[in-house]
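Undergrad: Mind having a look at this structure? Questions to follow.
The values are calculated or read from the model by the stated rules, or taken from the named source; none is laboratory data. Quick caveat, the model's predicted, so the values are computed rather than measured. Virtual Cβ from ideal backbone geometry, glycine too; neighbours counted across all protein chains shown.
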There are 4 protein chains.
Amino acid sequence: MSNNIVLGIIGAGRIGKLHGENIVNNFPDIRLKAIADIYADKIIEWAQGIGIEEVYEDYRDILKDPEINTVLICSSTNTHSTITIEAAEAGKHIFCEKPIDFDLEKIVAALDAVKKAGVKFQVGFNRRFDHNFRKVHELIKEGKIGDPHIIKVTSRDPEPPPIEYVKVSGGMFMDMTIHDFDMVRYLSGSEVEEVYTNAAVLVDPAIGEAGDVDTALITLKFKNGAIGVIDNSRRAAYGYDQRVEVFGSKGGVTVSNDTPSSAVLSTSEGVFADKPKYFFLERYKDSFVEELRQFFNAIKNDTKTPVEGIDGLKPIIIAMAARKSYEEKRPIKIIE
Amino acid sequence: MSNNIVLGIIGAGRIGKLHGENIVNNFPDIRLKAIADIYADKIIEWAQGIGIEEVYEDYRDILKDPEINTVLICSSTNTHSTITIEAAEAGKHIFCEKPIDFDLEKIVAALDAVKKAGVKFQVGFNRRFDHNFRKVHELIKEGKIGDPHIIKVTSRDPEPPPIEYVKVSGGMFMDMTIHDFDMVRYLSGSEVEEVYTNAAVLVDPAIGEAGDVDTALITLKFKNGAIGVIDNSRRAAYGYDQRVEVFGSKGGVTVSNDTPSSAVLSTSEGVFADKPKYFFLERYKDSFVEELRQFFNAIKNDTKTPVEGIDGLKPIIIAMAARKSYEEKRPIKIIE
Amino acid sequence: MSNNIVLGIIGAGRIGKLHGENIVNNFPDIRLKAIADIYADKIIEWAQGIGIEEVYEDYRDILKDPEINTVLICSSTNTHSTITIEAAEAGKHIFCEKPIDFDLEKIVAALDAVKKAGVKFQVGFNRRFDHNFRKVHELIKEGKIGDPHIIKVTSRDPEPPPIEYVKVSGGMFMDMTIHDFDMVRYLSGSEVEEVYTNAAVLVDPAIGEAGDVDTALITLKFKNGAIGVIDNSRRAAYGYDQRVEVFGSKGGVTVSNDTPSSAVLSTSEGVFADKPKYFFLERYKDSFVEELRQFFNAIKNDTKTPVEGIDGLKPIIIAMAARKSYEEKRPIKIIE
Amino acid sequence: MSNNIVLGIIGAGRIGKLHGENIVNNFPDIRLKAIADIYADKIIEWAQGIGIEEVYEDYRDILKDPEINTVLICSSTNTHSTITIEAAEAGKHIFCEKPIDFDLEKIVAALDAVKKAGVKFQVGFNRRFDHNFRKVHELIKEGKIGDPHIIKVTSRDPEPPPIEYVKVSGGMFMDMTIHDFDMVRYLSGSEVEEVYTNAAVLVDPAIGEAGDVDTALITLKFKNGAIGVIDNSRRAAYGYDQRVEVFGSKGGVTVSNDTPSSAVLSTSEGVFADKPKYFFLERYKDSFVEELRQFFNAIKNDTKTPVEGIDGLKPIIIAMAARKSYEEKRPIKIIE
């Protein structure tokens, strides 16, 4: 397969458009040939404006195009596994937004198809490519903190999603904590062995009525002996709160929130600083570019992608265990 | 009883001496009349040097002195409850170092004696009087963060105690985390309802061989609906790590470590700041004075002490539950 | 004149190329038609790679093109004023890199030509568009600090330029401090009335031999009564240091350096943070895009540009006075 | 002379009382025998309360007491030099509050008397003993920043003194900046060679009417080639602002303000931190103890005091030059 990447994007919702624009603005040597969306007519103007050549209603038109060798799957979650299988069978390299699916069997089937086809496959866990978290990862890999002992992730959203979304989201653990499950694997360099969930409905009773939780502390045991905790809230009054701390035998490392500016205002009222960057589009702006850069590089150099199939599968398994722990009020072992 | 406090200290180890010097240096109107220690001869010079009038081998000599109306119990833990009972029966106001005892029945008996005697009783949870934690407490009481949702305490020692001490310490939860159990009650303004312990031996295998743990994440449920987590390590390479974060419906508050100076050095090697203050004597220096000030005020004004008997009892119960959770690998409800 | 901007860039050195790429990646509706450089053959590949249609050796070919209505002057400083005059006479809107010239008469002549032609003119003081400094500017404009009393600018480079460059740079005040002179005008909202320079050669004697200084404290008086100080060094061992502080009747505001990450590593050796972002290309990356955005908007909406001719002229006058103050060892009044 | 320090305090205003209490609370081996104040009757109760044996109206009663070998001169500034001379002639070691005098000849006469008598003499520049500034000093001495190039001191008061005080204070440079002149000598390890003052009346016109200034930037040249700037304001709305920065050939060091707590509150309104500690009594609390400790040690060990006569003289000379520079609008050389 040629190293000249010709790209099709499947799904032109918020994230599909984001990737489209990032590609046009940052990868002049990548040809973004086509985009498919079931509401194709609504995106034609946008697509042409950034120079995408073809707009399809049916993603199969992208899979059929022999020039296109790579696809970005940005459609709704329930279509990810099916499209992954079809794309793999069509020999396309695949970048698939997270989660691959809510159903383990479907994920396994999709990953099998990828393996069989021998195509590149990357899952959209963009936070691994964030400047702060990557730095933590590097410091750990360099041995600066020794063996990891305690891993702490704080992940709080500025606002809960609409209640209609909550109902179909797969639950907070699957929809929101999934990024944190990926993060602890990334930072610990180890697999989660056991999970215990301490969760509550404190933000909005409607979330509880929908069968979900909105506040959680999830403690973890890792294969390498480390322990960890993730804390989540669906609503932090001060905004998007994204921090990690890893503590080890030789020291610890923390990262704090990014802010729009470093301005500190001191008055008779007190000392004031900026709130965190508003939400994930602002906070993780550069990480969305970087994940694609590394995906494209993996294709060009025929190397491993930085977030492989197993990295898409494991967080789903942990999320399921976290939910089970919440329901059964006991620690749950992670299946291998 | 007169408001003129005449004081005896029982036990002249590190903490007894610390209190003695703090009293002499900060409370000129308090008469520190006597100190008792089983190694009386070893402390005579020190005691006279700071103007203590009498040095006894037997603490009962203090209890018998009708001039002395107040005692500080700073002897070894296994004597606390007995001396408390005797001191209460002798009509003395009591400041008792933590923990009151490792045995619930003995604690209850001691508190009953205190109640019956109608004397003031305060437990030495000095961290409540620390400038940082008190500020967090005040901000919460003022409603600045709304209802508490998530309470996080980081408490890590610079070095584990000698293994001989570990063996008689009552275990990490009773010896070290006990302060954190007090802290979460102080900050949450609520009682702990359930505890789950995720602990490990990562610092020193000898600690494990002694039947204890050295690293832990303890998650908590509070009566008011909040959830919490304490993380402990017996050894932080960078020193004494004492931070809290409370997150609520209207916002969050964090406090960071105190440092010897605010100096930040920037060189070609990087940007360097001070490590935290070395250990509890440096870090909590002022809190040891402040707890006495409030104890003395409670006596003078005949008001409630800021850390009462129940505050000495509850952390012991939580520590026991934390240990049980660790042993039985399941969440444990706190007995009422 | 149509609002459809068709652009030519004159000069394809580092800054010309930067602007070219920024335009292609951020302003899809702007047609970047041509670029001119005396070494045209060396830039053809780069120019075609980002889709520039024409590459000329002679900038006059751009001025002659009736389709092109806007030029970016990024050539060497000694050509700025001449090209500005020719471009104005050709009716082109002009974005001119700083400084306009080292010669006041030439600047005045260029600004006269701009005025006569009625074209838009903006000077490339990009730091005004930096997120930190803009925030300080906004807080002052909102009255948060009251009347400005003291304005402090810290501006230190990571490394001095090559000595050959120093010799033709116009001197540190003209080459480096010029940005700070612009900054104090931007932040104070007032004109500089008097300047006193306290400067030295402390970084490299060769700079002194070339007749220049490498370290300076320049104090300023402003028309509105405020006072200010700029401190410069040609070499900060820890990197590019770009901070400001404005203190006023109601309070003060500071901004600190941006860093690659917020990671703080704590070990037995100490507490370590990132050094500042390396140099101006990293530190002011977004400001280069933002200054163009506002320039293009000024053209489209026929409004004032945010950095006008007078803003290009005044810093030159101050730089000259700063030099004179250094030479004559006395405060110098700024000519009107 | 015996190493047993027997102390008399001359002057029982705010600072005299502060020293008295610090001695009683921190130096149990120092005998604070007497205190003298022209309003002796007003301080008797206070003095007896902390165990001072004698209270005199006339300081000469202290000088006459052969048991007393050390005096603290805390009376009004205009008496410092006279009392210093008399105390030296009486063979007493002397700790003298700053400034020694406003008159150079009187200072020189006082220092001559000290020298002739061979007694210890220390000036009360307490900020040298502050944890932050001392750390900066140490880092510089250890060579961490290389040769100092730029020294910056920020020193702003929370409120101007009463206008009646302003009139007799000797002016802002003598009353307030004097500490900063001491600080730059302490940090630079070098003498000031030249000073230029850029000052204004921006806080209160009444200060201007009293012939003084309330806002200033004072730039300095040092013998070792470094340059420096002090910025002062008589009123910082956010409180007492005490920071320094020293920049050198190998890096830089900064210290920021101390705060009552490290609490950071994040809400929908923003991110809030504590204001600086209120004023010098809170901010420099420990430094007042430390300066005495080192003074007493110098007596006990017969070593040099850490702030000698020359250190009391030089800041006065610089303050005079700063005033002259302001009046004559030109840089002023410091006399040797």
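Undergrad: Modelled with pLDDT of 95 or more and under 24 Å from B:ASP231 (Cα atoms): does that describe B:LYS152?
TA: Taking the combined requirement at face value, the residue satisfies it.
Undergrad: Shifting gears a bit: So D:ASP103 passes all but one of these: (1) farther than 30 Å from C:ILE230 by Cβ; (2) charged (D, E, K, R); (3) at pLDDT 95 or above. Which condition number does it fail?
TA: Evaluating D:ASP103 over (1) farther than 30 Å from C:ILE230 by Cβ; (2) charged (D, E, K, R); (3) at pLDDT 95 or above leaves (3) as the failure.
Undergrad: Within region C:185-216, can you find the residues that are part of a loop (DSSP other than H, G, I, E, B) and among the hydroxyl-bearing types (Ser, Thr, Tyr)?
TA: Listed by number, the list holds a single entry, C:SER190.
Undergrad: Here's another thing I want to ask about it. When you scan region B:202-222, how many residues do you find that are in contact with a Ser or Thr (Cβ under 6 Å, 6 or more places away or on another chain) and more than 12 Å from chain A (Cβ to nearest Cβ)?
TA: Matching residues across region B:202-222 total 0.
Undergrad: Among what's in region A:115-149 and is more than 13 Å from chain C (Cβ to nearest Cβ), among the aliphatic types (A, V, I, L, M) and crowded, with 22+ Cβ neighbours inside 10 Å, pick the residue that is nearest to C:VAL271 (Cα to Cα).
TA: A:VAL123
Undergrad: Could you list all residues from region A:280-291 that are within 14 Å of another protein chain (Cβ to nearest Cβ) and of a type outside the set (Asp, Glu)?
TA: Those that are within 14 Å of another protein chain (Cβ to nearest Cβ) and of a type outside the set (Asp, Glu): A:ARG283, A:TYR284, A:LYS285, A:SER287, A:VAL289.
Undergrad: Right, here's the next one. Go through (1) more than 12 Å from every other protein chain (Cβ to nearest Cβ); (2) surrounded by 15 or more Cβ atoms within 10 Å (Cβ to Cβ) for D:ARG156 and report which single condition fails.
TA: Failed condition: (1).
Undergrad: Next question. Quick one: B:GLY51 ticks every box in (1) within 14 Å of another protein chain (Cβ to nearest Cβ); (2) crowded, with 19+ Cβ neighbours inside 10 Å bar one, so which box is it?
TA: (2)
Undergrad: When residues of region A:202-220 are filtered for being more than 14 Å from A:ARG323 (Cα to Cα) and without any contact (Cβ under 8 Å) to a residue 40 or more places away in the chain, how many remain?
TA: 3
Undergrad: Among the candidates D:PHE247, D:PHE280, D:PHE295, single out the residue that is among the hydrophobic types (A, V, I, L, M, F, W, C), in contact with a strand residue (DSSP E or B) (Cβ under 9 Å, 6 or more places away or on another chain) and at pLDDT below 95.
TA: D:PHE280
Undergrad: Of all residues in region D:135-187, how many are of a type outside the set (A, V, I, L, M, F, W, C) and under 16 Å from D:ASP311 (Cα atoms)?
TA: Matching residues across region D:135-187 total 8.
Undergrad: Pull up region A:223-234, narrow it to residues that are more than 8 Å from every other protein chain (Cβ to nearest Cβ) and either closer than 14 Å to B:ASN198 by Cβ or of a type in the set (Lys, Arg) (or both), then point me to the one that is surrounded by the fewest Cβ atoms within 10 Å (Cβ to Cβ).
TA: Checking each candidate, the answer is A:LYS223.
Undergrad: Determine which member of the set B:VAL71, B:VAL24 is touching a Lys or Arg at 6+ places or on another chain (Cβ under 9 Å), not assigned by TED's automatic domain parsing to the domain that holds B:VAL166 and not in a loop (DSSP other than H, G, I, E, B).
TA: That would be B:VAL71, the only listed residue that is touching a Lys or Arg at 6+ places or on another chain (Cβ under 9 Å), not assigned by TED's automatic domain parsing to the domain that holds B:VAL166 and not in a loop (DSSP other than H, G, I, E, B).
Undergrad: Go through the residues of region C:297-308 one by one and say whether even a single one is of a type in the set (D, E, K, R) and facing another protein chain (nearest Cβ under 8 Å).
TA: no
Undergrad: Does region D:40-61 include one or more residues that are under 21 Å from the mean Cα position of the chain (by Cα), touching a residue at least 12 places away in the same chain (Cβ under 8 Å) and not in a helix (DSSP H, G or I)?
TA: No, because not a single residue in region D:40-61 is under 21 Å from the mean Cα position of the chain (by Cα), touching a residue at least 12 places away in the same chain (Cβ under 8 Å) and not in a helix (DSSP H, G or I).
Undergrad: Take region A:247-274 and flag every residue that is more than 7 Å from chain C (Cβ to nearest Cβ) and assigned to a strand (DSSP E or B).
TA: A:PHE247, A:GLY248, A:GLY270, A:VAL271, A:PHE272, A:ALA273
Undergrad: Further question on the same structure: Exactly one condition in (1) free of Cβ contacts under 8 Å to residues at least 24 places away in the same chain; (2) under 23 Å from D:GLU245 (Cβ atoms) is not met by D:SER190; state its number.
TA: That leaves (1) as the condition not met.
Undergrad: Between residues in region B:21-37 that are acidic (Asp, Glu) and residues that are surrounded by 18 or more Cβ atoms within 10 Å (Cβ to Cβ), which pairs lie under 7 Å by C-beta distance while being six or more apart or on different chains?
TA: As it stands, the answer is B:ASP37/B:GLY11; B:ASP37/B:ALA12; B:ASP37/B:ILE43, since those pairs meet every condition given.
Undergrad: In addition: In region B:63-77, how many are over 16 Å from the mean Cα position of the chain (by Cα) and touching a residue at least 12 places away in the same chain (Cβ under 8 Å)?
TA: 8
Undergrad: Quick one: is A:GLY211 in the same structural domain as A:SER155 (by TED's automatic domain parsing), crowded, with 23+ Cβ neighbours inside 10 Å and at positive phi?
TA: No, not satisfied.
Undergrad: When you scan region C:302-336, how many residues do you find that are among the polar types (S, T, N, Q) and either in contact (Cβ under 8 Å) with a residue 12 or more places away in the chain or part of a helix (DSSP H, G or I) (or both)?
TA: Just the residues of region C:302-336 that are among the polar types (S, T, N, Q), to begin with: C:303, C:305, C:325.
Within this subset, residues satisfying the condition of being either in contact (Cβ under 8 Å) with a residue 12 or more places away in the chain or part of a helix (DSSP H, G or I) (or both) are C:305, C:325.
The total comes to 2.
Undergrad: Just one of the numbered conditions (1) hydroxyl-bearing (Ser, Thr, Tyr); (2) closer than 30 Å to D:ASP130 by Cβ; (3) assigned to a strand (DSSP E or B) is not true of B:THR219; which one?
TA: With respect to (1) hydroxyl-bearing (Ser, Thr, Tyr); (2) closer than 30 Å to D:ASP130 by Cβ; (3) assigned to a strand (DSSP E or B), B:THR219 is out only on (2).
Undergrad: Given the structure, is B:GLY239 in contact with a Leu (Cβ under 9 Å, 6 or more places away or on another chain), part of a loop (DSSP other than H, G, I, E, B), away from chain D (no Cβ under 14 Å) and not acidic (Asp, Glu)?
TA: For B:GLY239, the condition - in contact with a Leu (Cβ under 9 Å, 6 or more places away or on another chain), part of a loop (DSSP other than H, G, I, E, B), away from chain D (no Cβ under 14 Å) and not acidic (Asp, Glu) - is not met.
Undergrad: Based on this model, can you work out whether B:ARG330 counts as facing chain D (nearest Cβ under 10 Å) and either basic (Lys, Arg) or over 17 Å from B:ASP182 (Cα atoms) (or both)? Please lay out each step first, then the result.
TA: Working: facing chain D (nearest Cβ under 10 Å): no; either basic (Lys, Arg) or over 17 Å from B:ASP182 (Cα atoms) (or both): yes.
No: the conditions fail for B:ARG330.
Undergrad: Does C:LYS115 satisfy the criteria of being at pLDDT 95 or above, among the charged types (D, E, K, R) and outside the structural domain of C:MET176 (by TED's automatic domain parsing)?
TA: yes
Undergrad: Taking the condition within 14 Å of chain B (Cβ to nearest Cβ), closer than 11 Å to D:SER155 by Cα and in a strand (DSSP E or B), does D:VAL244 pass?
TA: yes
For (1) more than 13 Å from the chain's Cα centre (by Cα); (2) assigned by TED's automatic domain parsing to the domain that holds A:LYS106; (3) within 27 Å of A:LEU217 (Cα to Cα), each residue gets a yes or a no:
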| position | (1), (2), (3) |
| --- | --- |
| A:SER262 | yes, no, no |
| A:THR267 | yes, no, no |
| A:GLY270 | yes, no, no |
| A:SER287 | no, no, yes |
| A:GLU291 | no, no, no |
| A:ALA322 | yes, no, yes |
